[in-house]
Amino acid sequence: KIVEFVADGAIAEHVELLEKVPAGLFEVLQIPGVGPKAAKAMWTELGIESLDDLKGTSDDDLAALPRMGKKTVENIRQATRFAEAAGERVPIGRARPIALAIVERLREVSSVERAEFAGSLRRGRETIGDLDFLVACSDVKAVRETFVEMPEVTQVLVSGDTKTSVRLRSGDGPKAVHVQADLRIVPIAAWGAALMYFTGSKEHNVRLRELAIQRGQRLNEYGLWQGTDERPQDAEGAEPVAAGSEEEIYRALDLPWIPPELREDRGELAWARSDARGELIRLDDVRAELHAHTTASDGRLSILELAQEAKRRGFHTIAVTDHSKSQPIAGGLSDERLVEHIEAVHAADREIDGITILAGSEVDILADGSLDYDDELLARLDVVVASPHVALRQDPDAATERLLRAVRHPLVHILGHPTGRIVQRREGLAPDLDALVAAAAEHDVALELNANWNRLDLRDTHLRLALDAGCKIAIDTDAHDVPHFDFLIYGILTARRAGLPADACINTWSAERLHGWLRSKR
């Protein structure tokens, strides 16, 4: 069958079997509590061939099936509702605050030695399928009870000494988050191995296991072991080569520690072995915000309030970049209002010490690639962030030419959220990224990674292309209010997934270097 699959791309017997079973039954099988026997009984006895059929069948008819009963039907109904509510992955900006709060609760249990979240959230992926928590403790019962008794828990799926799974509902209304959360309790001696294993990705773990096997070792969630036995930890008197920390396991494999954000099997082992690798950008490296809005357009802070918040966060520079005139719904500034606004920004800059306030604009890139203000007005701005907001369904060729025209404009500093996508809601433009990053490098235009978790645009794979092309990168929060400054962490996580070093990001530069580069385009 393996040979048949490799040769033909399919297995004849498998194809024949698939033709005999309604395709919708496989969706029914994804509902917790519905196994193969139950699915078959639903199909043959009640004619259920899809989730819609299941939803349209009465509780009494389901309960009459063998081994079902009212309680099982109730669980299936609840699971079906949850599956519909959680049909999409959870954006990182909603998942991460929930996970941080849960970790803090777990750490408050007196017997807990270590507690962290793992999985795709630790890797900084833009959307999360479920939440994974790891705990080392001396009182399993206390930790488990704390976990299942959280107010967000709507259903306990599994409760045991090593694994507990629950369903969570956080928030109310249409923005409520429905997500499964898994808690794994591990020995402190195997903490590093477990954290590595449950952080993933699966593909990265496979690479590490292959490397261990090449060395006559075996790697699993209990540690790195000498020998290649299937369960080396079960051997009498077995002691791992390394297990207590991720660092010591990587070191035992002759690798430096690889940051979680890179663990996607996208060349991170080669990166780790490279003499050219550098330190990835960190949150504390950022010292400037170059895309932010005030009450002059659609922001909620005055110029001074915005600057004071940026100063409080340790920034040396804040750019005020309110919307241009083609965005009336966002309070876009007419030519006359922009002139007045520039003067107001410069006045505020003279009023505050310890931070520089730059007069900028988020200038719309119109559908044909022209900019929303004429060159004379653009030249008066300290910072021009050119961004697409309309015509975001253009065909790729038109989108490419549109963005290239903006990048080639001599007065543009930053190409803001280049594709205009909204995570899980809008795909945005699909330009030729190779052409775009080449032009940005040639014309010394920084490409923005918009850190708002609804955007994360450029995304990590695009950012990798830009980095390889030698582009400058701007990581901005697009702040409209004080809490939006906290979005910076999502930009940093995305940048780290692309392998971005701090020096490639203009927001990390000293004030002298940054302002010098901005003036070079004037």
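Restricting to segment 285-331, name every residue that is under 28 Å from the mean Cα position of the chain (by Cα) and either assigned to a strand (DSSP E or B) or hydroxyl-bearing (Ser, Thr, Tyr) (or both).
Correct list: 288, 289, 292, 294, 317, 318, 319, 320, 321, 322, 323.
May I ask you to list the residues in segment 104-114 that are open to solvent by 60 Å² or more (accessible area, probe 1.4 Å), in contact with a helix residue (DSSP H, G or I) (Cβ under 8 Å, 6 or more places away or on another chain) and not in a loop (DSSP other than H, G, I, E, B)?
Residues satisfying the conditions are 105, 113, 114.
For segment 126-142, does any single residue satisfy the condition of being open to solvent by less than 60 Å² (accessible area, probe 1.4 Å), over 17 Å from residue 178 (Cβ atoms), hydrophobic (A, V, I, L, M, F, W, C) and not in a strand (DSSP E or B)?
yes
Under 8 Å by Cβ, and 6 or more places apart or on different chains, what pairs join a residue from segment 510-522 that is outside any helix (DSSP H, G or I) with one that is open to solvent by 80 Å² or more (accessible area, probe 1.4 Å)?
Here the result reads 510/287; 521/410, each pair linking segment 510-522 to a residue that is open to solvent by 80 Å² or more (accessible area, probe 1.4 Å).
Would you confirm, using the coordinates I've provided, whether residue 101 is modelled with pLDDT of 95 or more and either part of a helix (DSSP H, G or I) or β-branched (Val, Ile, Thr) (or both)? Steps first, answer last, please.
Details: modelled with pLDDT of 95 or more: yes; either part of a helix (DSSP H, G or I) or β-branched (Val, Ile, Thr) (or both): yes.
For residue 101, the condition - modelled with pLDDT of 95 or more and either part of a helix (DSSP H, G or I) or β-branched (Val, Ile, Thr) (or both) - is met.
Hey, among 88, 84, which residue is within 20 Å of the chain's Cα centre (by Cα), modelled with pLDDT under 95 and outside any strand (DSSP E or B)? Outline the logic, then answer.
Details: 84 fails: within 20 Å of the chain's Cα centre (by Cα).
Answer to the selection: 88.
Name, by its number, the condition in (1) more than 18 Å from residue 260 (Cβ to Cβ); (2) in a helix (DSSP H, G or I) that does not hold for residue 447.
Among (1) more than 18 Å from residue 260 (Cβ to Cβ); (2) in a helix (DSSP H, G or I), residue 447 violates only (2).
Working only within segment 226-257, note down all residues that are touching a Phe, Trp or Tyr at 6+ places or on another chain (Cβ under 9 Å), farther than 14 Å from residue 211 by Cβ, surrounded by 13 or more Cβ atoms within 10 Å (Cβ to Cβ) and of a type outside the set (Asp, Glu).
Result: 232, 233, 238, 240, 243, 244, 245, 257.
Return the residues of segment 464-502 that are open to solvent by less than 30 Å² (accessible area, probe 1.4 Å) and either without any contact (Cβ under 8 Å) to a residue 12 or more places away in the chain or among the hydroxyl-bearing types (Ser, Thr, Tyr) (or both); say none if nothing qualifies.
Of everything in segment 464-502, those that are open to solvent by less than 30 Å² (accessible area, probe 1.4 Å) and either without any contact (Cβ under 8 Å) to a residue 12 or more places away in the chain or among the hydroxyl-bearing types (Ser, Thr, Tyr) (or both) turn out to be 477, 490, 494.
With 314, 369 as the choices, which residue is open to solvent by less than 10 Å² (accessible area, probe 1.4 Å) and without any contact (Cβ under 8 Å) to a residue 40 or more places away in the chain?
Just a single option satisfies the conditions, and that option is 369.
Are there any pairs with C-beta distances below 9 angstrom linking a residue in segment 435-463 that is among the hydroxyl-bearing types (Ser, Thr, Tyr) to a residue that is assigned to a helix (DSSP H, G or I) and open to solvent by 10 Å² or more (accessible area, probe 1.4 Å), with the two at least 6 apart or on different chains, and if so which?
Listed by first residue and then by second, the contacts come to 461/433; 461/497.
Every residue in segment 450-463 that is in a strand (DSSP E or B) and open to solvent by 30 Å² or more (accessible area, probe 1.4 Å), please.
Initial filter on segment 450-463 (in a strand (DSSP E or B)): 450, 457.
If the condition is that a residue be in a strand (DSSP E or B) and open to solvent by 30 Å² or more (accessible area, probe 1.4 Å), then no residue fits.
Under 9 Å between Cβ atoms, at least 6 apart or on separate chains: pull out the pairs that start in segment 224-238 with a residue that is under 17 Å from residue 187 (Cβ atoms) and of a type in the set (Phe, Trp, Tyr) and end on any residue that is at pLDDT 85 or above and open to solvent by 100 Å² or more (accessible area, probe 1.4 Å).
Matching pairs, first to second residue: 225/239.
The values are calculated or read from the model by the stated rules, or taken from the named source; none is laboratory data. Note that the structure is predicted; figures quoted are calculated from it, not measured. Here the Cβ is made from the backbone with ideal geometry for all residues, glycine too, and neighbour counts use every protein chain on show. For accessibility, only protein heavy atoms count, side chains too; no ligands or nucleic acids. Shrake-Rupley method; radii C 1.70, N 1.55, O 1.52, S 1.80 Å.
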